[in-house]
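Okay, structure first, notes after.
The numbers here are math on the coordinates, done by the rules we state, and not lab data. Please read all numbers here as calculations on a predicted model, not as lab measurements. Heads up, the Cβs are rebuilt from the backbone with ideal geometry, glycines too, and the neighbour counts pull from every protein chain shown.
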């Protein structure tokens, strides 16, 4: 009989092999609340084999991004600032304009802003698929609806 105890942990290979595909319907949902839930799923925090330095999360497909909701006066007052990388190339747009022209960008920026700011975060962001309408080309992966937050 051994006198030492060993602690067992779930293998990361098993966590990566068990990746699933989820569909999140953004219709009528609040942007920040949906984004935090999606970021948590991408990160793998809902999996028992979560490890902060590994990519063991699930794929998430967000549909109906054009029908997302912002609370308060954010549609008129919240500004998104980007730069074209040319001198004087600062571009500002209100959230309502971005939602009308590029609803995918609005959702993607919210989710990516909640991921780590390093190469792991960039890798996790590739597992996020956002579509403005209700259709998506990932039916072959058999995605299931994302569970509601507890």
Open item on the list: For the chain, set up a GNM with springs between Cα atoms under 10 Å and report which of 57, 88, 121 has the largest fluctuation.
Closed with: 88
- [ ] For a footprinting-style exposure proxy, rank 146, 41 by other Cβ within 10 Å, fewest first.
- [x] 146, 41
Task: Computed [θ] at 222 nm, helices only, for the chain once each DSSP H run of length n ≥ 4 contributes -39500 (n - 2.57) - done: -8500 deg cm²/dmol
- [ ] Would you mind calculating the gained length between residue 101 and residue 141 on full extension (0.36 nm times residue separation, minus the Cα-Cα distance), in nm to one decimal?
- [x] 11.5 nm
Task: Beta bridge orientation in the chain: antiparallel %, DSSP, nearest 5 - done: 30
Task: Options [x] 34, 19, 14; [y] 36, 16, 14; [z] 57, 20, 12 - which one matches semi-axes √(5λ) of the Cα gyration tensor in Å as calculated here - done: [x]
Open item on the list: Can you give me the angle between helix 103-112 and the longest principal axis of the chain, using Cα atoms only, in degrees from 0 to 90, rounded to the nearest 10?
Closed with: 40
- [ ] Calculate, for residue 123 and residue 20, the FRET efficiency according to 1/(1 + (r/R0)^6) with r their C-beta to C-beta distance and R0 25 Å; round to the nearest 0.05.
- [x] 0.90
Open item on the list: For the chain, what does the relative contact order come out to in percent, with C-alpha contacts under 8 Å and a separation of six or more?
Closed with: 30
- [ ] Please work out whether segment 95-150 counts as rounded, prolate or oblate from its C-alpha gyration tensor, where a ≥ b ≥ c are the square roots of the eigenvalues and a/c under 1.5 means rounded, while otherwise a/b larger than b/c means prolate and anything else oblate?
- [x] oblate
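Does segment 74-127 come out rounded, prolate or oblate, given a ≥ b ≥ c as the square roots of the eigenvalues of its C-alpha gyration tensor, rounded meaning a/c under 1.5 and, failing that, prolate meaning a/b above b/c?
Because a/c hits 1.5 or more and a/b fails to exceed b/c, segment 74-127 counts as oblate.
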- [ ] Quote to one decimal, in nm, the extra length available between residue 45 and residue 83 on full extension: 0.36 nm per residue of separation minus the C-alpha distance between them.
- [x] 10.4 nm
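For segment 43-99, just say rounded, prolate or oblate: build the C-alpha gyration tensor, square-root its eigenvalues into a ≥ b ≥ c, call rounded for a/c under 1.5, and beyond that prolate if a/b exceeds b/c, oblate if not.
Since a/c reaches 1.5 but b/c is at least a/b, the shape of segment 43-99 is classed as oblate.
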- [ ] Give me 81, 104 ranked fewest to most by other Cβ atoms within 10 Å of their Cβ, as a rough exposure proxy.
- [x] 81, 104
Task: Order of 107, 30, 98, 144 - criterion: other Cβ atoms within 10 Å of each residue's Cβ, fewest first - done: 144, 30, 98, 107
